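Notes follow the structure.
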Amino acid sequence: MFIITAVWHASCLIEGKADGGLNTLRITFQDADEAVEMRLEGRVAGPWASELDRVWMEAAPRLASKKLIIDLHNVTYADASGKQVLKAIYAQTHATLVTNTPWAQFLAEEITGNQAVNNEEGD
């Protein structure tokens, strides 16, 4: 069974503020039997880093003994606060980070302290 939850930062929902997703963060959870995938799309920066932290604090207790997979395929930017939130999540979970671009690979290596990450071609 899959449970999918998508969270958009509030500013993208305000009329006239939507920008086609260029300056937003989408956080999607897919729950399976043995793992939970957290897919991030967009910018992990500024208020979106705080939003990721808030969403993670709500979601973490539901993880239980499941493995966390963080999909970074569609992350376009992460500032220092975004990287700090991702590092904190990684420190708590030792999540598997999935990448498919040099930028995402670089971000994953920063998050993990240069430990191996899952780099997928395509997507």
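Every number here is computed from the coordinates shown, using simple stated rules; none is lab data. Keep in mind that what you see is a predicted model, and the values were worked out from it rather than measured. Cβ sites come from the backbone with ideal geometry, for glycine too, and all protein chains shown count toward neighbours.
At a glance:
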| item | result |
| --- | --- |
| Environment charge of ALA60, counting only residues whose C-beta is closer than 12 Å and scoring Lys/Arg +1, Asp/Glu -1 | +1 |
| Prolate/oblate/rounded call for the stretch 35-84, Cα gyration tensor, a/c under 1.5 rounded | oblate |
| By average C-beta atoms within 10 angstrom, highest first, the peptides 33-39, 84-90 | 84-90, 33-39 |
